[in-house]
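Everything on this sheet refers to the single structure shown next.
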Amino acid sequence: MQKNSKRNSKVKVCNIELNSVNAEKEKNKSQNNFVELFPPEVTFKIFSQLDIQSLCRASVTCRSWNYTIRNSDSLWKPHCLTVRAVCQREIDNDLENGYSWRVILLRNYQKSKVKHEWLSGRYSNICSPISLPEKIMYPMDADTWGEILEAELER
């Protein structure tokens with residue numbers, strides 16, 4: 001009987017120690033998360049220094065970062081305006097339709113990369129559809145193809 005009570009008391013002591021260790025880990029975790037510690041303006045300033053890929057990577061770091069990045073539309077606006085240099089019509093249409101900057105960027109980023117490649121003449125010497133790099137092609141609307149065709153005809 002005494003052996004059982006000693007075991008039970010050791011288990012309780014271990015549970016208390018484990019709980020205090022877990023509490024300490026949680027405390028350290030929140031202390032290391034600047035999103036929860038800093039004012040929103042500071043957090044925004046930090047995240048606004050990231051490029052698109054780094055911003056996307058940061059958004060999958062933890063829930064609080066994801067929430068902050070996902071819901072800070074102004075973080076996405078400068079990147080979207082950069083893409084607008086290539087996809088002005090598409091982005092202006094999306095703005096008129098009320099999309100957020102983040103959604104507009106998601107809708108147009110890949111298209112802008114492909115369109116830029118076409119307009120800069122990268123695919124000017126393509127002889128057949130088989131020669132096109134399939135992985136980076138993106139479906140585009142008729143107006144976009146019209147812009148590309150005009151650029152090709154001017155060359």
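The values are calculated or read from the model by the stated rules, or taken from the named source; none is laboratory data. In this text the structure is predicted, and so the values were computed from the model without any measurement. For neighbour counting, all protein chains shown are included, and Cβ atoms are generated from backbone atoms with ideal geometry for every residue, glycine included. Only protein heavy atoms, including side chains, enter the accessible area calculation; ligands, DNA and RNA are left aside. Shrake-Rupley method; radii C 1.70, N 1.55, O 1.52, S 1.80 Å.
Screening region 101-136 for residues that are open to solvent by 70 Å² or more (accessible area, probe 1.4 Å) and closer than 17 Å to residue 151 by Cα and picking the one that is modelled with the lowest pLDDT gives 127.
Scanning region 57-91 for residues that are open to solvent by 60 Å² or more (accessible area, probe 1.4 Å), closer than 20 Å to residue 114 by Cα and part of a helix (DSSP H, G or I) yields 78, 81, 82, 84, 88, 89. Among the residues of region 31-56, what is the count of those that are within 30 Å of residue 116 (Cβ to Cβ) and either in a helix (DSSP H, G or I) or among the hydrophobic types (A, V, I, L, M, F, W, C) (or both)? The total comes to 11.
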